[in-house]
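Visitor: This is the structure I want to talk about, given as structure tokens.
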Amino acid sequence: MGSADSKLNFRKAVIQLTTKTQPVEATDDAFWDQFWADTATSVQDVFALVPAAEIRAVREESPSNLATLCYKAVEKLVQGAESGCHTEKERQIILNCCRLLTRILPYIFEDPDWRGFFWSTVPGAGRGGGDEDDENARPLAESLLLAVTDLLFCPDFTVQSHRRSTVDTAEDIHSIDSCEYIWEAGVGFAHSPQPNYIHDLNRTELLKLLLTCFSEAMYLPPSSDSSNTNPWVQFFCSAENRHALPLFTSLLNVVCAYDPVGYGIPYNHLLFSDYREPLVEEAAQVLIVTLDYDSSTSSSPTVDGTTTGTAMDDVDPPGPDNLFVNYLSRIHREEDFQFILKGVARLLSNPLVQTYLPNSAKKIQFHQELLVLFWKLCDFNKKFLFFVLKSSDVLDILVPILYFLNDARADQSRVGLMHIGVFILLLLSGERNFGVRLNKPYSVRVPMDIPVFTGTHADLLIIVFHKIITSGHQRLQPLFDCLLTIVVNVSPYLKSLSMVAANKLLHLLEAFSTTWFLFSAVQNHHLVFFLLEVFNNIIQYQFDGNSNLVYAVIRKRNVFHQLANLPTDSQAIQKGLQRKKRTPEPISRTNSQEGVSMEGSRPAAPAEPGTLKTSLVATPGIDKLTEKSQVSEDGTMRSLEPESLQSSPEGNPSSEASHPRRDRRRLSSASSSGQWTPSPDWVMSWKSKLPLQTIMRLLQVLVPQVEKICIDKGLTDESEILKFLQHGTLVGLLPVPHPILIRKYQANSGTAMWFRTYMWGVIYLRNVDPPIWYDTDVKLFEIQRV
């Protein structure tokens with residue numbers, strides 16, 4: 001039958017279904033088989049031939065027919081999984097049912113009355129045979145998921161058959177050990193099967209259906225109670241799924257082994273169409289959804305870095321019921337870590353390779369899914385996190401993240417990407433090794449729209465952060481706390497900042513310490529505290545190599561004097577706020593000495609008007625996101641109770657995911673309109689805590705010496721002054737060094753919910769062919785146009 005005929009017959013069946021007012025019996029195979037038996041329709045055809053309005057009409061007007069259609073389609077999948085689908089016809093039926101269910105499921109999920117349908121048992125829907133009672137108890141959803149997992153390891157359909165002859169020795173799908181059929185070499189599997197693009201296409205279709213099953217989460221509004229687990233994911237990742245381990249391994253390995261460059265040959269992708277990429281994308285999306293797990297509410301699966309022994313020890317807590325999270329948290333072999341890290345780094349760097357060898361490699365689009373996967377790996381497997389930080393390989397993750405952050409800073413549709421990049425750097429910055437690794441010279445010349453500099457990866461990080469703060473869009477303001485916390489965390493380990501980076505830090509201090517900025521919002525002064533902490537850490541712990549920073553501090557000494565003499569009377573506060581009305585720019589770019597940008601770079605562009613984006617829930621404030629730890633003499637960290645140390649004057653906000661802009665202070669006076677206004681008491685309460693002693697002492701000692709050199713030698717040349725500062729010392733002259741404070745990321749339900757909305761928003765927007773969820777009534781986020 002030609003494909004035109006087959007489409008026509010399929011369309012006729014759909015029309016019959018929508019026009020029938022009477023229920024069609026489940027036993028009427030002649031009717032139901034029209035939907036899958038004789039048709040060869042692509043998934044795109046199915047989406048075109050089954051319009052949304054008609055699915056909704058059947059749902060409202062003949063619900064029993066929609067129910068029977070779903071039930072019969074699942075039954076076909078179950079039968080195919082039972083028989084091992086050995087014929088071409090059976091395989092076609094499986095794919096047709098798969099596509100049809102992918103089309104219909106979102107419309108079942110969007111209607112609250114239907115949501116329980118797949119979790120009900122269908123009367124008489126046993127799998128044949130006499131003793132049906134125990135089988136009857138399986139809800140339709142479970143039958144569907146089990147059939148799909150069986151089909152993902154079906155010889156000659158989705159995996160290579162291990163049998164040599166084809167004569168009547170087809171493998172029994174129930175007796176095969178699917179661990180021998182893992183899709184790709186890598187973690188826990190050494191054999192790389194021969195690529196087979198038909199198998200890849202079939203796997204992709206089945207994974208698309210799985211992802212659609214899991215997407216019920218999109219139809220529930222975000223809730224602070226992240227414990228409401230997705231029943232589809234919960235069952236799929238439970239011990240009921242006998243293929244959980246090989247499937248987890250297959251998904252992870254397929255993603256991490258993917259090489260879009262075309263096996264090392266540049267421009268190879270122009271000659272071969274890459275059928276692996278859709279599978280890799282689908283695998284990455286299914287993987288991150290199965291790992292959607294709130295580690296703050298449960299006994300965390302991670303093995304703390306202080307414990308000795310391997311991640312597979314019997315002394316470990318049993319870990320979560322979600323087997324995918326469990327397996328991920330238990331990976332522990334060095335070669336497995338190396339394989340994962342190299343794979344993720346290779347894929348994240350792919351868009352950067354594009355910039356200096358355009359078209360040499362296929363440009364991948366799934367970097368956001370990769371960042372979520374990398375986050376989950378670090379969050380659930382502390383051994384992996386320590387492995388990443390053990391060598392300078394972490395920089396192969398850092399540079400792409402900084403590239404994405406810099407590139408997306410002006411684009412409102414990529415706020416989520418900005419957040420996840422910053423969250424990952426915050427997590428890494430809680431470990432001492434990250435700061436140490438940043439001292440490696442930066443020589444890769446990825447064209448980025450930042451000033452040219454010579455220096456280390458720490459300089460690159462500071463310069464990109466400065467660029468985000470001074471020329472990103474308004475909606476990034478809640479991230480400023482996070483960006484500066486990262487700089488504070490690494491500052492005690494930075495051996496020598498370049499002059500460009502030193503000037504950027506002082507420019508930020510200058511911008512953040514103007515009176516209008518300090519007085520215009522209740523938490524703005526925190527940014528000044530963070531920056532002072534950075535300077536103090538470097539002066540106390542890394543004075544010797546940091547003459548550039550010391551010189552910059554001396555040159556800008558008036559900024560510190562102005563802070564020390566900040567006026568606190570009402571009149572001065574009002575005057576400071578008046579100045580704001582005349583200066584609408586949030587942070588001026590003047591006198592930050594913007595150098596020439598790197599050659600070949602394009603300026604960060606805003607989103608094209610009309611670009612779709614999905615809304616995100618607010619992220620918790622920095623005090624909820626992090627927990628303070630003190631670094632002891634021997635480099636170990638101990639957690640501090642929140643009460644014992646408050647470098648910032650306010651208590652913890654009471655609300656769970658406190659919005660950064662909300663009022664959190666009793667000391668501030670509320671005006672009649674209920675708006676917050678700064679009061680003298682409030683300014684005094686934090687001004688008295690500004691940690692200025694170290695810097696004031698440094699200025700007191702060095703400024704007269706530098707001035708004397710200038711007068712004696714008639715110098716205006718900075719190189720002489722820098723030479724003097726390089727050899728200077730402040731030993732014995734500075735206050736006793738303060739303990740190093742690190743603010744480590746801590747899991748909390750606020751970020752768990754943020755990740756859920758971000759991840760599903762990415763998946764929604766990336767699945768456009770076919771547009772699985774487009775124009776359905778999703779509740780987890782709003783779809784907005786820029």
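Visitor: Would you mind getting me the FRET efficiency between V701 and T611? Use the beta-carbon distance for r and R0 = 45 Å, nearest 0.05.
Guide: 0.25
Visitor: Okay, moving on. Quick check for you: with a 1.4 Å probe and neighbouring chains kept, what is the accessible area per residue of the range 1-131, in Å²? Don't skip to the answer; put the middle values down first.
Guide: Working: 5730 Å² over 131 residues.
That works out to 44 Å² for each residue.
Visitor: Suppose R0 equals 41 Å; then what is the FRET efficiency for E90 and Q784 from their Cβ-Cβ distance, rounded to the nearest 0.05? Mind dumping the intermediate values first?
Guide: Working: r = 44 Å, r/R0 = 1.08.
After rounding to 0.05, the efficiency reads 0.40.
Visitor: Which order do H561, H367 take when ranked by solvent-accessible area (1.4 Å probe, heavy atoms of all protein chains), largest first?
Guide: Result, largest first: H561, H367.
Visitor: Ordered by residue, what ³J(HN,Hα) values in Hz, to whole numbers, does the range 538-547 give under the Karplus form 6.51 cos²θ - 1.76 cosθ + 1.60, where θ = phi - 60° and Gly and Pro are x?
Guide: Values per residue, Gly and Pro as x: 5, 5, 6, 10, 9, 4, 4, x, 10, 5 Hz.
Visitor: Ordered by residue, what ³J(HN,Hα) values in Hz, to whole numbers, does the range 756-763 give under the Karplus form 6.51 cos²θ - 1.76 cosθ + 1.60, where θ = phi - 60° and Gly and Pro are x?
Guide: Each residue of the range 756-763 in turn: 4, 5, 5, 4, 5, x, 4, 5 Hz.
Visitor: When the Debye formula is applied to the Cα atoms of the range 384-448, each taken as the same point scatterer, what base-10 log of I(q)/I(0) results at q = 0.15, 0.24, 0.27, 0.29 Å⁻¹?
Guide: -0.50, -1.07, -1.19, -1.27
Visitor: Pop a pseudo-label 7 angstrom from the Cα along the beta-carbon direction at both V731 and Q675 and give the gap in nm to one decimal.
Guide: That separation, rounded to one decimal, is 5.6 nm.
Visitor: Something else: What are the residues whose amide H is under 5 Å from the amide H of T677, where those residues sit 5 or more places off or on another chain and H is modelled from the backbone?
Guide: S669, S671
Visitor: R242 label point, 7 Å along Cα→Cβ, cut-off 19 Å on backbone N: hits in the range 181-199?
Guide: 181-183
Visitor: Net charge near T102, counting Lys/Arg +1 and Asp/Glu -1 over other residues with Cβ under 11 Å of its Cβ?
Guide: So the environment of T102 carries a net charge of +2.
Visitor: In sequence order, what are the phi-derived ³J(HN,Hα) couplings for the range 191-204 according to the Karplus relation 6.51 cos²θ - 1.76 cosθ + 1.60 with θ = phi - 60°, rounded to whole Hz, with x for glycine and proline?
Guide: 9, 9, x, 4, x, 9, 6, 5, 4, 4, 5, 5, 4, 4
Visitor: Sticking with this structure for a sec: What does the convex hull of the Cα atoms come to per residue for the range 446-561, in Å³?
Guide: Normalising the Cα hull of the range 446-561 by residue number yields 104 Å³.
Visitor: Non-local amide H neighbours of T626 (under 5 Å, H modeled in plane, Pro and chain starts lacking H): which ones?
Guide: Sorted by chain and number, the residues that satisfy this are Q746.
Visitor: Would you tally the net charge around H191, using a Cβ to Cβ cut-off of less than 10 Å, leaving H191 out, and scoring K and R as +1, D and E as -1?
Guide: -2
Visitor: Report the label-to-label distance for E82 and L640 in nanometres (one decimal), using points 7 Å from each Cα along the Cα→Cβ vector.
Guide: 6.6 nm
Visitor: So, one more: What does the charge add up to near E599, with Lys and Arg as +1, Asp and Glu as -1, over the other residues with Cβ less than 14 Å from its Cβ?
Guide: Local charge sum for E599: +1.
Visitor: Shifting gears a bit: Given a Förster distance of 22 angstrom, what is the FRET efficiency for K708 paired with D544, based on the Cβ-Cβ distance and rounded to 0.05?
Guide: Values: r = 22 Å, r/R0 = 1.00.
About 0.50, to the nearest 0.05.
Visitor: Follow-up question, since we're still on this one. Label points 7 Å out from Cα along the Cβ direction at E335 and I15: separation in nm?
Guide: 6.1 nm
Visitor: So what's the gap between the Cα centers of the range 700-766 and the range 363-427, to the nearest angstrom?
Guide: What the calculation gives is 23 Å, centre to centre.
Visitor: Moving on. Tell me which lysines have Cα within less than 20 Å of K440's Cα, excluding those fewer than 8 residues away on the same chain?
Guide: List returned: K342, K390, K495, K504.
Visitor: Would you please give the residues with an amide H less than 5 Å from that of S513, counting only those at least 5 places away or on a separate chain, with H modeled from the backbone geometry?
Guide: Sorted by chain and number, the residues that satisfy this come to none at all.
Visitor: Ranked from highest to lowest mean number of other Cβ atoms within 10 Å per residue, what is the order of the peptides 196-208, 147-159?
Guide: Going by the mean number of other Cβ atoms within 10 Å, highest first, we get 147-159, 196-208.
The values are calculated or read from the model by the stated rules, or taken from the named source; none is laboratory data. This structure is a prediction, so every number in the text was calculated from the model and none was measured. Counting neighbours? That spans all protein chains shown, and the Cβs are built from the backbone with ideal geometry, glycine included. These area figures cover heavy atoms from the full protein model, side chains too; ligands, DNA and RNA do not enter into them. Shrake-Rupley method; radii C 1.70, N 1.55, O 1.52, S 1.80 Å.
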